[in-house]
Amino acid sequence: MRLNMLTLFVITAAGLLLPGTGPAHASESETLASPNGDVTLTVGRDDGAGHDSSDKQLAYTVRYRGSDVLLDSNLRLEFKDGPPLAADLTIDKVSRRTIQETWERVWGKRKTVVNHCNELTLELRETREPRRRINLSFRAYDDGFAYRYALPESWGGFELKAERAAFCFPDDVTVWAATYGGFHSPQEAEFNRMKLGQLATNQVYGCPMLIKIAPAVWIALTEAALTDWAGMYFTPAGDRPHTLLTRLSPRPDEPDVAVRSRAPRSSPWRVVMIGDRPGALVESDIIQNLNDPASFDASWVTPGKAAWDRWWSSSYAPDVSFKVGMNTKTMQYFVDLAGEMHWQYQLVDEGWYGAAFADGAFNTTWAAHPTSRITTAIPELDLPGLIAYAKERGVKIILWLHWGHVNEQMDEAFPLYEKWGVHGVKIDFMNRDDQEMARFYARVAKKAAEHRLVVDFHGAYKPTGLSRTYPNLVTREGVLGNEYNKWSARVTPDHNVTVPFTRGLLGEMDFTPGGFRQKTKETFRPTNDTTGTFVMGTRAHQLAMLVVYESALQVLCDSPYSYRSSPAGTDFLKVVPTTWDDTKVIHGQVGDFITVARRSGDDWYLGSMTDWDARDLEIPLGFLGPRRYQAEIWADAYEADEFPDRLMKEIRVVTGADRLTARLAPGGGHVVRLTPAQ
């Protein structure tokens, strides 16, 4: 169907909204546009032409710079008790406001954030029994739009079975989609390129979904402000072409219910990020702008880099005489590395407090061991001594925890960690994003903030902007990252240059970069033993991840021996920051290559990565302006196609009028540190 003239929203480039702040009487047509008019929305009700006129459904359309993005997309809510809420809704009241503010991040892609949008809220009522009410709020930004629905107090308690929000596209668009095999997963998969019509109707696909509408129209579908609701997925609408429907993650205790709550309640924001190139989505701040600001002083939160104990490197340490494992000497070995490299943290991973998993649960349900206590270290590890040893070297300790133990013991453990001098927790194996689990994330972040603990979620769902509300949530996984090199050949350079435009555009991403045992496509093999772990692509490819991938906590994955025995590039690992004052995506093509520029103070850092194709990238430096900079360059060596661990180092002086040529080997990379020249 196409909307007729009796629409709830009609917007054209020639008819932009004047900002309004107060309520207005409802009419048959209301209008909304983004501040600069690039994003225009049309939301309306079907007139019944060609349909049963008693079933008039709310729908909306979206245009970007005159091009169709979404057509006639409707919302349908299904409840356990009562009929669906979808049809015969009339507008009782319209409210408008313009939001224009700036705020500062504790860490992230840029320090100062502009939150500027136009908002319209519709108070809707069913025209027939049971005459329920619902509010719809829309926000139009220059780089996307979002909407959410709110159930007013009159609903009382409710049980939401399903949300069938539609996203209807103008044709069979190209998508990059990840399927996790169901609702229970750590959300670790490739984003595969395909046509929308190739998506399977019996599968659910995760957020974000990247979509190319036209050469200069790119969008990403996702959600923001998920705190006490069910996570959102997508599935093709079998009875309507070019259309996706939302699915909500069911509650484990009652699979036919997604959300059980009491009104007044608002859903998370349903978000469509929009840009003229895929890199524009990476630059966007829309996800965090749709979340509440922090309510506490987070100046104590310290971004930084961490050494990771023997878990990833498989106890590969030819230079030591002691047995590598979960013991004091091994943890000191990694603390020494962090101190030498001027890294802020040391991650003590699984095993420090005994059995994490219930008998038979490992690699099946990942259930927590019923009697383990996260307040008691095993005898082999002198944890107080390790904390003191690390403090002497300027290093802070982060402890790994199974989420099941945290769920039961955090009220006791987190105050104790603060007393001990622990500075952070890595919480793992949630592998769900239902309502109860989303509530757990917010509860952990809040409790950790009370005790000055930074948080790293693993086995996690995608970011939805919670780190604005809780800046101590410094990173999370929810990505097919470097750990998979231990048992698979899935972390390819092709995957590594797809991730920035898909999972990476949502925010913090603990990919665990920095593997220093590089292999070519032909020589790579997965290993999970004391011979160590390898990565595909070049040394510079791994270095570039620290610029290309956003994460306030960058956990460097390899062993002290790997860094010390082959130190080329470790000088870059010592100086590269993990939080930024500005971010620009210079250029890139999804799955092919990318170049990102990030500023920290007066310094700029450039990171470039390519897939298995060697290529030369011309990098314009116009963002530098007329000032002279010293460019310190780490590049693939000439022979890096055969010996991928080899680097070349160069120093030169440049200005914004110059261009750098990055010559990338297959699976290659290129990094630059630009500092003001004396």
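The values are calculated or read from the model by the stated rules, or taken from the named source; none is laboratory data. Only a predicted model underlies this, so the values are computations on that prediction, with no experimental measurement involved. Note that we place each Cβ from the backbone using ideal geometry, even for glycine, and neighbour counts take in every protein chain shown.
Brief remarks follow.
- Consider the range 322-374 and keep the residues that are touching a Gly at 6+ places or on another chain (Cβ under 8 Å) and of a type in the set (A, V, I, L, M). The one that is surrounded by the fewest Cβ atoms within 10 Å (Cβ to Cβ) is Ala367.
- Within the range 581-678, strands (runs of 3 or more DSSP E) holding 2 or more residues that are at pLDDT 95 or above and surrounded by fewer than 16 Cβ atoms within 10 Å (Cβ to Cβ): 582-589, 615-620, 647-654, 659-664, 669-676
- Positions within the range 396-435 being in a helix (DSSP H, G or I) and either of a type in the set (A, V, I, L, M) or in contact with a strand residue (DSSP E or B) (Cβ under 6 Å, 6 or more places away or on another chain) (or both), in sequence order: Trp403, Gly404, His405, Val406, Met410, Ala413, Leu416, Gln435
- Members of the range 519-545 that are buried (at least 24 other Cβ atoms within 10 Å of the Cβ), touching a strand residue (DSSP E or B) at 6+ places or on another chain (Cβ under 7 Å) and either of a type outside the set (Gly, Ala, Ser) or in a strand (DSSP E or B) (or both): Val535, Met536, Thr538, Arg539, His541, Gln542, Leu543
- Considering the range 82-98, the residues that are in a loop (DSSP other than H, G, I, E, B) and touching a strand residue (DSSP E or B) at 6+ places or on another chain (Cβ under 7 Å) include one that is nearest to Ala140 (Cα to Cα), namely Ala86.
- Scan of the range 166-182 for residues that are part of a loop (DSSP other than H, G, I, E, B) and surrounded by fewer than 21 Cβ atoms within 10 Å (Cβ to Cβ), ordered by number: Phe169, Pro170, Asp171, Asp172, Val173, Tyr180, Gly181, Gly182
- Any chance Glu418 is modelled with pLDDT of 95 or more, over 23 Å from Trp366 (Cα atoms) and either touching a Leu at 6+ places or on another chain (Cβ under 9 Å) or hydroxyl-bearing (Ser, Thr, Tyr) (or both): yes
- Among (1) on the phi < 0 side of the Ramachandran plot; (2) surrounded by fewer than 17 Cβ atoms within 10 Å (Cβ to Cβ) - the single one Leu120 does not satisfy: (2)
- Verdict on Pro152 being surrounded by fewer than 20 Cβ atoms within 10 Å (Cβ to Cβ), modelled with pLDDT under 95 and within 20 Å of Arg262 (Cβ to Cβ): no
- Selection of first residues in the range 650-678 that are without any contact (Cβ under 8 Å) to a residue 40 or more places away in the chain and of second residues that are among the small types (Gly, Ala, Ser) and part of a loop (DSSP other than H, G, I, E, B), restricted to Cβ pairs under 7 Å at least 6 apart or on distinct chains, gives the following pairs, ordered by first then second residue: Val653/Ala677; Gly656/Gly625.
- Where strands (runs of 3 or more DSSP E) fall entirely within the range 209-275, those with at least 3 residues that are over 26 Å from Phe501 (Cα atoms) and touching a Phe, Trp or Tyr at 6+ places or on another chain (Cβ under 9 Å) are at 259-262.
- Sole residue being in contact with a helix residue (DSSP H, G or I) (Cβ under 7 Å, 6 or more places away or on another chain) and either closer than 25 Å to Gly507 by Cα or assigned to a loop (DSSP other than H, G, I, E, B) (or both), chosen from Ala448, Ala438: Ala448
- The condition (being farther than 20 Å from Phe334 by Cβ, surrounded by 17 or more Cβ atoms within 10 Å (Cβ to Cβ), within 20 Å of the chain's Cα centre (by Cα) and of a type outside the set (Gly, Ala, Ser)) is satisfied by just one residue among Pro513, Pro500: Pro500.
- So His402, is it buried (at least 24 other Cβ atoms within 10 Å of the Cβ), out of contact with any Gly (no Cβ under 9 Å at 6 or more places or on another chain) and farther than 26 Å from Glu163 by Cα: yes
- Complete set of residues in the range 445-497 that are surrounded by fewer than 21 Cβ atoms within 10 Å (Cβ to Cβ), free of Cβ contacts under 8 Å to residues at least 60 places away in the same chain and closer than 25 Å to Ile594 by Cβ: Ser488, Ala489
- Test for Leu290: is it hydrophobic (A, V, I, L, M, F, W, C), in contact with a strand residue (DSSP E or B) (Cβ under 6 Å, 6 or more places away or on another chain) and in contact (Cβ under 8 Å) with a residue 24 or more places away in the chain: yes
- Considering the range 305-358, and only residues there that are in a helix (DSSP H, G or I) and either touching a Cys at 6+ places or on another chain (Cβ under 9 Å) or hydrophobic (A, V, I, L, M, F, W, C) (or both), the residue that is farthest from Leu546 (Cα to Cα) turns out to be Met331.
- Residue satisfying condition, being within 20 Å of Arg476 (Cβ to Cβ) and of a type in the set (Asp, Glu), within set Glu350, Glu412, Glu380: Glu350
- Residue in the range 299-321 that is small (Gly, Ala, Ser), more than 30 Å from Asp558 (Cβ to Cβ) and surrounded by fewer than 17 Cβ atoms within 10 Å (Cβ to Cβ) present: yes
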